[in-house]
1. Modelling each spin label as a point 7 Å along the Cα-to-Cβ direction, I'd like the B:T372/B:E164 distance in nm, to one decimal.
2. When Cβ neighbours within 10 Å are restricted to other protein chains, what is their mean count per residue of peptide B:223-231?
3. State which entries of A:K188/B:K238; B:K264/B:K364; B:K98/B:K426; B:K276/B:K300 exceed 22 angstrom in Cα-Cα distance in the structure shown.
4. Residue-wise, which Karplus ³J(HN,Hα) couplings in Hz belong to region B:415-430, taking 6.51 cos²θ - 1.76 cosθ + 1.60, θ = phi - 60°, and x for glycine or proline?
5. Mind checking which lysines have their C-alpha under 16 Å from B:K479, skipping anything on the same chain fewer than 8 residues away?
6. Report the semi-axes of the equivalent ellipsoid for region B:136-253 in whole Å, largest first, where each axis is √(5λ) for an eigenvalue λ of the Cα gyration tensor.
7. What is the sum of charges, Lys and Arg at +1 and Asp and Glu at -1, for the other residues whose Cβ falls under 14 Å from the Cβ of B:N288?
8. Would you please name the trypsin sites (Lys or Arg not before Pro) within region B:447-481 that are DSSP coil residues with at most 13 other C-beta atoms within 10 Å of their C-beta?
Amino acid sequence: MKRFSASMVLIILAVLAVAQVAMAQPFGVTTENGTQKTGTGTTATSVAITGGNVTEVNITAAQITGRWAGFWGSITAGINLTDGVQTFYAWTVSNVTGAAVYAVNGSVTDWDLMQRANDTHMPVNLQGEATDNFNNTFNSSETFTVGTSRSIDNVKYAMTWQDGVQGTLLKSYALTTSDTNAEIFAAKAVGDADSFINGVEADFQLIVPAQSAYATPYEFYLELP
Amino acid sequence: MMLYSGLNDQRGIFLNSESIIGITSRITPADSITMFESTDTPLIRRAFGQLASAGFEVNEEVRSSNFNLDLDPENGRYLLVSTSNYRLALPIAAYAVKTNSWVLLVDQDNLDEVANRIEDASQVIAVGNFPRDVLEAIEPSFTEWINNNNIYTDSEEIASRFGEIPSVVITDGSTLEAEFFTTPNPVILSGYNRIIDDTITFLQENNIKNVVIVGNKLSVVGEQIRASSNKEISVFIKFGQSSTQKLGRVYALTMYPMPMPTLKITVNRVIYNPIKKELIAYYNNLGNVGTYTLTTMTVKVDGDEIGSASDEDVIFLGAGEVLPVAYDLDIPIDDIDENTIVEFYTSFGIQPTELDAFLTMTNKFGPPFSLTLELEEIEEDPAVITLDDVAYYLRYKRIGMDLTNNVTTPVYFNAKIRNLIVNGLKKDLYTEGELIGGEGATVYIPIELDDIDLEENRNFDITIAYGSDSSFLFNSIEKKLPFRTEGSAGIVGFVTSIVGEGSIPALIGLIVVVLIIVTIVVVKRRKR
């Protein structure tokens, strides 16, 4: 083994040996998802930084913001997921209504420690006075529930757009955990709802903070209803 | 490498394809990067060059042909698992991170190295079964051995060592994902598309409130947990990853398949024989390892059940075997048409106590597996064969079964030997073939038994299915014969295999005479 210098923080394994025993093809599954768009808005500036890649889950009417990014998609049984060998599988969640999709940045050790988030749990750039700060974006609150097993009071949420106007179904909630302070953004799934794109359906739409300099990673979970 | 990252509280990323984007999409130029590359057959050679081209600086490059040994921190704390038990490696990995231990994957190739490393270690916890020849070398160093002869129970016992736990991670053990090395919670095993009853019991008895399932392929397991627990256990399926650079796209998790045998069965056809009032299902093992199955089935016409049948005991299918199994069932012939289907609820696995997968239709995750019932009259088969003798041949390391075909036409057969102790572990053997009409033959199954196996094996437990048609092996022989050996191993065995075992005393005498003659000749020549 050759070692050229001392290791630091981040470790990457670039490659793994192809094993000498027979193995299945590595597989990857891609969920169906929408194309993120950058609108032109009423202002003259198109934001070219990472945070500018925001879906049209508009925060304010026709305003492009550099502080938020979005995810949207479907998780219904009707969606076929491809694996690495081009075989289609049907997601077995037969009824998604009541399910929740979570985008998590950080570590969740105990899901029962989820609690509502406020602006102090957000990145610094969302705590200021900008019109698209956290409080102005997640400007409503209600009890966040998942089936009968989860209920968190006064959770701030942002109402995302559907068919080009502010909708009434697809909400994005802001949560965190009391032990690890992970950023958790949740969406309660609604089967085949109108998405922000006219004529296209989605089960969830999420808004998440976007750091302007670098991409912020998220892991996605589905809580079964 | 992933364990190394977990022990050092660092983020590990691995490739599962030849695209460097699998890495670059998840790091930033501000990250400090150490690259580990296999010297054998990496997916991408000299990947650091590609990273550099993409604007990333690699601080350190580490190459090895055996990271499992080379990254060992050698702190005297080890967890051992056999390479034949890869599925256990993931529950063990989570425990290793918790206890700051290193996991060593043990097999014949690295046995000496592993035995040396653990000899003076302060903690050596072995998990699961090991072949005898491996066990003999490492067992003296064990400080503890977790072995319930059941990988699910083993994983649950490891989980119990985490203390009071609000949450567990569930995997079927077939793929590696970063969650297993970063979670502070225990990892337990489930079936591929079936949760074992004992696992549900474990979750309930330990008051587990939340379960994280890694990979959407196991979502059916999640739904089973929800149903079995009356929705008292919350289930989170980790299904995707992305970043704010990804333009809204959610991508699959980065997962890597563990080296495992291929388990796959199907039912080729199902027919009803009105002559014998039997339903016959043709099970086919499409995998590369012997598999056990257990089936319950129902016969339906337009959704209404008209009959049912089930196995009384698990059935063993050798790799590649097609086995017709007959079930007594009285169905009116008039009820059988193109709308008559048979729904199979078939569970299967590599151990009779680990039937951890359901047979499903293509693109479905749960049972039943359905086939149209065919109607076919099958007369009594006149084929008759006898099993005359069976023995283990020491010299040739194989089992030989003497079979005789008592009819004048060819007879097809498959033969199984159940629960033979091989290298300390029970194993089922399988072979198939054809017997020429009116003749006998010795059918061989190669297998190597060590000295202790020869002492521990008491019987040959043999089942032979046979018939005049290779598609209809409905006649059978079931016999338990005393275990015995033939011949000797080594040079004596070699010679006696030529001249016959009964000639040993005469042969020895001949050898002695020859040696005496040679000695005399040599002495006389020296004197001259």
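1. Label-label distance for B:T372 and B:E164, simple model: 6.0 nm.
2. 2
3. B:K98/B:K426
4. Residue by residue, region B:415-430 yields 10, 10, 10, 9, 6, 7, 7, 10, 6, x, 10, 6, 9, 9, 10, 8 Hz.
5. Here the lysines satisfying the reach criterion relative to B:K479 are B:K416.
6. 27, 19, 13
7. With Lys, Arg at +1 and Asp, Glu at -1, the neighbours total 0.
8. Counting only loop positions with at most 13 other Cβ atoms within 10 Å, the trypsin sites (Lys or Arg not before Pro) in region B:447-481 are B:R458.
Quick note: the coordinates plus some simple rules give every number you see, no bench work behind them. None of the values given here were measured: they were computed from a predicted structure. Don't worry about glycine lacking a Cβ; one is built from the backbone with ideal geometry, like all the others, and counts go over all protein chains shown.
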